[in-house]
Structures are given as structure tokens and as C-alpha cells.
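The values are calculated or read from the model by the stated rules, or taken from the named source; none is laboratory data. All values reported here derive from a predicted model rather than from experimental measurement. We place every Cβ from the backbone using ideal geometry, glycine too, and count neighbours over all the protein chains shown.
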Amino acid sequence: MRFLKNIFAFLIPLLSMLITFSIFLLINNVVENYKSKISRDYSIVIVTNTPLVKESINELAGIKVENIQTLPNDKIITSIKSSLSDNSIELLKQKLPNFYQIYLEIFPTSSELEEIKQTLLQNKNIRKVEVFYKNHNQIYLLLLLLNSVSFILFFIITLFAIIIIAKQIKLWFHEHSVKIAILRLHGASVLYSASSILNYALFSSFLAFVICALFLFYVSNNMTVLFPLELHDIIDIKINLSVELMKIFLLSFCISIFTIFGVLLKYKINND
Amino acid sequence: MIEAKNIYLSYDDNKYIIKKGNFTIKPKEFIFIGGNSGSGKSTLLKSFYGDIPLKHGSLKIENQEVFGIKGKKLRVLRKDIGIIFQDYKLINEYTIEENIMIPLKINGYSHEVSRDQANKLLAHVRLTHRAGYYPNELSGGEQQRVAVARALAHNPKIIIADEPTGNLDDYSAEVVWNLLKGANEQLGITIVVVTHRVPKNLGIKFRQLSIEDGIIYEVS
């Protein structure tokens, strides 16, 4: 009972942080799934005077260019081939502009598409830019907003959690100060002297991870708890549970170990 | 071997508790350090295990310079010393057996070896029947016997004791003196004891130092 009471003040902030992180992961997952669903629902076609050096366009409006595909102009020539002489066809081949389609790594918003268009038009080699897209803007922007809000919330809770966890570790140091002093007088290192505190922290982290894993497992099987049923028709909500659990596990232990080593380092500097 | 040359000790820079301390303690010696309350006896003892830094001078313990010692070197030095305190300094959440195992485990012995050694020492201090007890379930005399057993556990070259019988009745004090005497005679451990009252009829050759106004004198 005393042990549980001891770890409670460590467990609660850590668990709050992990659950916020889980929610962020779920929302992020929804956004990613939605992105992949709408990823080809836009098109950027450019027309150039001379062949394009594809490597010169790596990024547009802050979005990495995934691929630039050359569009064959053979069809145009084939359709008018019968009414032209061979010389004229050759001349036409030389005079015809080059057509390319640009694919981006992520789905752009309408304003980003407009920015891309303006950026491309600044290139003197580019004669024309045509941009087409299906309007997913409202849902997409809302999801991005939700994603950002959940990340900011996670970030703030993490900061507070680290402060509370550090305070709790300091409190444990105070409670164990006699024991730590005795062990150090016998030649023990700071790490050895504080091993019981380290055990508290690791056990709390493990417990927080287990509770959070149960939460994520429940939510992944009952998505309607977080997301309305109608959303499932629009977005395919799937999560890779093992990958997400690994992320939560790493975060739980990294935060605990990072905080405890921070406090240990401070203790070592003050006492050595 | 403990060798002090011109050592100065203070908690702040304004007043030296020990000034120009010069003395040598040879291996296997039994030394008493006396002096009035506040004369700096305990401070001198603390400097032996690096709990108080030296301001000036040189203090060598088993050829290890203590001046400016810290980190790993300090830990190694402390592993060579057994310490006994007036207030025992046992860890209350550990059993008696576990308390004796502390220096052994810190010195890297396995749990089994540490437990065997602890049980031998418990038999030596006649507390085998208390092995599973916690310190606060024992009398002061018994706790100090545990502290002596802990100081002996890792077979140190030096045992330093700060008023080891200060809180004990005459009978318990005699038991503690006999244990320290045995450690010196049978195991050849150098014993340095800070005390107000040097026991009568200790039955062993010893040397006495005294501190007055921060100066260390050889009494006998």
C-alpha cells in the first residue's frame, strides 16, 4: 500500500502524458489515413519550352516533390499525323512543348497549390501551369487543426508531467536521503545509492505503459468512443497497434529515465 | 597507513577547525583521538573518508592522497575503510543481515557470498538470532554491534569509529571495545577511534592523540 502511495505521484502525470500521446497518435493516424485516401485527388501539370531538369525542383511550398513524371506527347502527333508530311511532323516534334505531371509527398491545401503555381510560373522555362484538385480542403484543414491541437496539448502536458515527475523524484531523494548518504559513505556510486528510486521510477513507467496500452487497445477496438460513427464512412480509421504501443513504451521509459538521470546529475554535481 | 602533513580543515574559510595537523598512523595501530566537544575530532575523522574537504596540506590514506579527492577515487578509498558512527547509521528499511551485506555488495560480491559473510559476522557479534530483524527492533548496544559487523564485513584495512560507545551503557560499550580490539589483534586492522572516554583496561597497546585549539597533540 505504501509502495503504491509512493508511486502514485509519479504514475499520474506520466499516465496523463501517455494517454494524451495516445490520443495524438490516433488523430495523427486518422490524418495520415485521410491523406493517403485523398493523396491522388489533385494534379499539377506543367508545360515547358525545353526539357525540364527534374532535379532542380525538389520542394514546392515547403512540400517535398515525390516524383515528376514526363507526359508523352506521342498521342498529339498520332492524331494529326495523317494530314502532315514527314518533315512537318519532325518540325512539330521539335516545336511541341514538354508536358510534366508533379506528384508531391503530401496532399497540398488549396493555398499551397496556389503558392506552388506561382512558384512554378517564376521559372522562365515553364510556359504554363495547370492545377486541378477535388475540394477536400475543409475536412483536411479541420483534421490538420485537430492534429496540431492534440500535439500542442501533448507537448504542454509533457512539460508539466516532467516537472511533476522531477519534483517527485526529488521528494524520493529527500525521503531516502539517509539511506543514500550511508551507501555513499560506504563507497557506493550515486546510481547504486539511488537504485531503489530508480526501481520506483521504472516500475511506475511500466505500470503507466500497461494502463495506457489497455486504453489504446480498448479504443482501437471501439473507435466510436473517440470518433463518431459517421467519420468511418469518410475516413478509414486503422492503427498499427504494435507500432503505436512500441512508441508509447519508448516514450514512457525515455521520459522516466531522462528525468531521473537529470535529477541524479544535479544531485551528483551538488554532492560530489 | 595514515599520514597527515600540515593539514587545515574548516567548514568555511573564516575559521580553521584543524590547523597545521601533522601525524602518522602506522598499519595495525590502535589510535584514540580525544579532545573537548567541538574541538574538531569528528571533523578530522570525516576528512579521512573525504566527507570534509581539506583546505590545505596533504593527507594520505593507504598511499591515496585525500586532498581534492572526488568521484571514483573517493569511492575506491571509502571501499577500503570501515566506518562506525555514534548513531549507528543503519538503514531502517533493511534487515540486520542486509545492513551487514551493504559494503560487500558495494564491493561487488554476489548476494550469496555477501549473505554467508554477513551470517558469519552476525555469529561473531552474537546476533544470529536477530538476522531478520530491523534496526529499530534492536537495542542501542545491539545496533552498534551490527554497525561493527558491517564495518568488518569487507575486511577493510582501516576502521574509523566516531564515538562508538557514546550512546551505550557500560556493558554494551565493553562488548563494542572487545570487538574492535579483536579486529585489531586478530585481523590486523588499523583502528582510529574518536572518543571522550578511553576505556580502562582495554588490554591492548594503543596511542592517543588530542586536539586543542585546532592543534593535534600526541598524548601518549
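Residues that are of a type in the set (Val, Ile, Thr) number at least 3 in the following helices (runs of 4 or more DSSP H) confined to region B:34-128: B:96-106. Scan region A:193-213 and give yes if some residue there is touching a His at 6+ places or on another chain (Cβ under 9 Å), surrounded by 16 or more Cβ atoms within 10 Å (Cβ to Cβ) and over 30 Å from residue B:76 (Cα atoms), otherwise no. No, because not a single residue in region A:193-213 is touching a His at 6+ places or on another chain (Cβ under 9 Å), surrounded by 16 or more Cβ atoms within 10 Å (Cβ to Cβ) and over 30 Å from residue B:76 (Cα atoms).
Residues checked against (1) assigned to a helix (DSSP H, G or I); (2) free of Cβ contacts under 8 Å to residues at least 24 places away in the same chain:
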residue: A:14; (1), (2): yes, no
residue: A:22; (1), (2): yes, no
residue: A:35; (1), (2): yes, no
residue: A:44; (1), (2): no, no
residue: A:55; (1), (2): yes, yes
residue: A:69; (1), (2): no, no
residue: A:81; (1), (2): yes, yes
residue: A:87; (1), (2): yes, yes
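One residue is enough: does region A:187-197 have a residue meeting the conditions β-branched (Val, Ile, Thr), more than 30 Å from residue B:157 (Cβ to Cβ) and within 14 Å of another protein chain (Cβ to nearest Cβ)? Taking every residue of region A:187-197 in turn, at least one turns out to be β-branched (Val, Ile, Thr), more than 30 Å from residue B:157 (Cβ to Cβ) and within 14 Å of another protein chain (Cβ to nearest Cβ).
Right, residue A:187: not charged (D, E, K, R) and not in a helix (DSSP H, G or I) or not? So residue A:187 fits the description; yes.
Just to be sure before I move on: is residue B:21 more than 12 Å from chain A (Cβ to nearest Cβ) and at positive phi in the structure I sent? So residue B:21 does not fit the description; no.
For region B:157-205, the candidate set comprises residues that are under 16 Å from residue B:26 (Cα atoms) and free of Cβ contacts under 8 Å to residues at least 60 places away in the same chain; within that set, the residue that is surrounded by the fewest Cβ atoms within 10 Å (Cβ to Cβ) is B:187. The residues listed here are A:267, A:200, A:192; of these, the one that is in the same structural domain as residue A:28 (by TED's automatic domain parsing), under 16 Å from residue A:15 (Cβ atoms), of a type in the set (Ser, Thr, Tyr) and part of a helix (DSSP H, G or I) is A:200. Filtered by the rule that a residue be without any contact (Cβ under 8 Å) to a residue 24 or more places away in the chain and in a strand (DSSP E or B), region B:206-220 gives a lone residue, B:217. Among residues of region B:66-92 that are facing chain A (nearest Cβ under 7 Å), those with a Cβ under 9 angstrom from a residue that is acidic (Asp, Glu), sequence gap 6+ or separate chain, pair up as B:70/A:272; B:71/A:272; B:83/B:162; B:91/B:98. Entry remark, region A:98-134: residues being out of contact with any Leu (no Cβ under 8 Å at 6 or more places or on another chain), closer than 20 Å to residue A:55 by Cα and either assigned to a loop (DSSP other than H, G, I, E, B) or of a type in the set (Val, Ile, Thr) (or both) number 5 in total.
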